[in-house]
Structures are given as C-alpha cells and as structure tokens.
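Student: My structure is below; once you've seen it, I'll send some questions.
A short reminder: the numbers here are calculations on the coordinates, not readings from a lab. What you see is a predicted model; the values in this text were computed from it and never measured. When we count neighbours, we look across all protein chains shown, and the Cβ atoms used for this are built from the backbone with ideal geometry, even at glycine.
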Amino acid sequence: MPKSNDLQVVGRRKTSVARVIFRKGKGKITINNRDIENYFGRDTLKMVLRQPLELTEMTGKHDIIVNVVGGGLSGQAGAIRLGIARALEKVDPDFRPILKKEGMLTRDPREVERKKYGQPGARKKFQFSKR
C-alpha cells in the first residue's frame, strides 16, 4: 500500500504494465508480493531490471514494490525497468542524462502486429500454386 512519501510510476512494454512504488529502504525488490528471486527464474531478467539502479549507483538505497500484469516474463522485466528508471529520474533529475544515454527512459514501442484475414498470420501467406 503506497504511503504519502512514496513515488508511484508506471512502466510499459509490449502488453505488460508495471506499477512501481519507490520508497526509502534497504534495497528489497518485491514483485506481485513475491521476492525478485522467486518471481524471475532467469538471471538475465533480474539483471535487466537492476540496470537503472546500477547505472545511477542507487542499489540498496530504496525498496521497490511492483505490481505487474500482462505479457510474458521478458516484457514484464522491461516494463519494470522502465518504471524504475522513471522513478529514479523523479528522485534526482540529475540522473536523467545518464539514464537517457543508455535508453532506459524510452518506452519500447514494438507491439505484436495483428493477424490479417486470408492468411495464416500477420505477414505469412498460404502456399501459392499456379495450378
């Protein structure tokens, strides 16, 4: 539950939406009421969402509570990363150039293209035969 001195930020990627609550603390990261180690199995995903903290040298200074819905684990990790980067920017505006240079503040606009009628997928066509 957010308190008055907490920062609330939203991060999105693909179909994932992450609501990030940023508060002073010891560096505990909780995702959907589970510890980061239990939520993400792959180390690369844990590394992805810790990137903004490591860039700004803020690891271990804030507790992060995340509520994330939609998409797969990779999209969720990207959404959380964007949310953390936006929160860090609000904490200290001097972090903006560092995060911007690494592309942490840019929302990844890529989405799944819709399937079209008359073909099996978005771009794939049924096999063509002249006769």
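Student: Taking just the alpha carbons, could you work out the radius of gyration and Dmax for segment 24-120, both in angstroms?
Tutor: 15.4, 56
Student: Out of the DSSP beta bridges found with both residues in the chain, what percent are antiparallel (nearest 5)? If you can, show how the numbers build up before the last one.
Tutor: Numbers: 17 of 20 bridges.
Restricted to the chain, the bridges split so that about 85 percent are antiparallel.
Student: Placing unit charges on C-beta atoms (Lys and Arg positive, Asp and Glu negative, everything else neutral), compute the dipole magnitude of the chain about its Cα centre in debye, rounded to 20.
Tutor: It comes to approximately 1040 debye.
Student: Please return the longest stretch of the chain lacking exposed loop sites, where chymotrypsin sites (Phe, Trp or Tyr not before Pro) count only if DSSP places them in a loop and at most 16 other Cβ atoms lie within 10 Å.
Tutor: Value returned for the longest uninterrupted segment is 1-116.
Student: Also: Where is the GNM fluctuation largest for the chain (alpha-carbon springs, 10 angstrom cutoff): PRO97, PRO52, PRO120?
Tutor: Highest fluctuation of the listed residues: PRO120.
Student: Then there's this: With a cut-off of at most 15 other beta carbons within 10 Å, and DSSP calling the residue loop, which GluC sites (Glu not before Pro) in segment 17-88 qualify? Please list them.
Tutor: Working: sites: GLU37, GLU54, GLU57; in loops: GLU57.
Those satisfying the criteria are GLU57.
Student: Multiplying the sequence separation of ARG123 and LYS28 by 0.36 nm and subtracting their Cα-Cα distance, what value in nm do you get?
Tutor: Here the answer is 29.8 nm.
Student: Related question: Considering the options GLY71, ILE98, GLY11, tell which one lies farthest towards the positive end of the dipole of segment 6-131, charges being +1 on Lys and Arg and -1 on Asp and Glu at the Cβ, about the Cα centre.
Tutor: GLY71
Student: Could you list the GluC sites (Glu not before Pro) in segment 75-117 that lie in coil according to DSSP, counting only those with at most 11 other Cβ atoms within 10 Å of their Cβ?
Tutor: Of the GluC sites (Glu not before Pro), the ones in loops of segment 75-117 whose Cβ has at most 11 other Cβ atoms within 10 Å are GLU111, GLU113.
Student: If I build a Gaussian network model for the chain, linking alpha-carbon pairs within less than 10 angstrom, which residue out of VAL66, VAL17, VAL91 has the largest mean-square fluctuation?
Tutor: VAL91
Student: Where does helix 43-55 land angle-wise versus the long Cα axis of the chain, in degrees 0 to 90, nearest 10?
Tutor: Tilt relative to the chain: about 50 degrees.
Student: Among GLY27, GLY60, GLY83, whose Cα sits farthest toward the positive end of the charge dipole of the chain (+1 at Cβ of Lys/Arg, -1 at Cβ of Asp/Glu, about the Cα centre)?
Tutor: Of the options given, the answer is GLY83.
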